[in-house]
């Protein structure tokens, strides 16, 4: 066979297990590391994987000498708020002075500030802004990600956000999964009439589905936002209309959002800082993935992180994400999240790599096409400037990406060393 590309002289090739379901518990500790490896690409897919010695007979159209670097599947970020207007850097000083969030909110700041900026921005302005940040995600090795709406809180702006995501999908090589998060917060005009607002979001589901603007539906189940009962109502309606389910659950208070996710067969439950023992036990008996967001806990200055160690030891499936957003986690750096997972969530390097590849892919319905490097799968991979796979979580706060490839084509490069 005439291969299009041969990547050879790989120091370590990271090969998460090919599976039909997310890795759970002990499985997350298993990560195949192939030394002195090589692989070949044909028509954008992996066509052969073997040793560097075996590759000597291959005569491809193009070669990449990995120079003994580490190569992994492209990273997957399963929870981002990619499209929004404005920014909120002025609020950081207020937070440092101890000004309560509710006071910031009362003055038009907080999420309401972002909602106003998103409503005022044109679709083109939102597209240009999101494009900048999407390119930054790519530079950190992310080749697949999820993007939520949720900063419109009205039909027109929610659809505008989702339309921007659709345009990004068409323009960029990165694979983007779209999530409708209309019930992200309660608009001030609906205080006391939360059910009326929720009904408007339910009505919007049909339009979103008919226009193919989102694969998933999500809701923020939390004290002061949407109750467990309201969340169940919305998610049941979304499920009836064919959406995959996600939920912002148990971030601050243990309301039972994680248990609800398992009950409804949600693809993922996200945040889970306050998830109960019962919730962790239920996760371990399901394929609902716990998407943990340690960057948010870090940015908000909280002391308590999600109990990843207990979740994995109990047998749950865990994924990691940035939660990139303008208010509570302003970073596109999934590598930094990997370091926080090691330092704050006490996850092992093997668990971390699985959590940002194979499990993250399953958390957004992309398990069959992203997150692993196997013959027949898309050749989405990253070459890293690190000596071994243990090094990336260890050396934090910098970008270790050397180059990024999607379907065998280089889409980002740090320098000309490769």
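Readers should treat all values here as calculations from the given coordinates under stated rules, not as data from a laboratory. Nothing here was measured: the structure is a model prediction, and the numbers come from that model. Using ideal geometry, Cβ is built from the backbone for each residue, glycine included, and neighbour counts are taken over all protein chains shown.
Numbers at a glance
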read-out	value
Fraction of beta bridges assigned by DSSP in segment 223-358 that are antiparallel (%, nearest 5)	10
Distance between modelled label sites at residue 171 and residue 156, nm, 7 Å Cα→Cβ extension	2.2
Contour excess over end-to-end distance, with Cα ends at residue 33 and residue 203 and 0.36 nm allotted per residue	56.4 nm
Zone residues, segment 1-33, relative to residue 62, backbone N less than 15 Å from point 7 Å out along Cα-to-Cβ	3-8
Residue among 114, 143, 285 with the largest mean-square fluctuation in a Gaussian network model of the chain, springs linking Cα atoms under 10 Å	285
Gaussian network model of the chain, springs between alpha carbon atoms under 10 Å - residue of 331, 189, 297 with greatest fluctuation	189
Taking 4, 313, 218 and counting other C-beta atoms within 10 Å, the order from fewest to most	313, 4, 218
FRET E, pair residue 410, residue 106, Förster distance 45 Å, beta-carbon r, rounded to 0.05	0.35
Residues of segment 347-388 with amide N under 12 Å of a point placed 7 Å along Cα→Cβ from residue 395	384-388
Binned Cα-Cα distance frequencies in the chain - 10 Å width, integer %	5, 23, 33, 25, 11, 3, 0, 0
Calculated FRET value between residue 26 and residue 93, using beta carbons and R₀ = 35 Å, to 0.05	0.15
Highest-fluctuation residue, 43, 284, 254 considered, GNM on the chain with Cα pairs under 10 Å	43
Computed helical MRE - 222 nm, the chain, DSSP H runs ≥ 4 contributing -39500 (n - 2.57), nearest 500	-10000 deg cm²/dmol
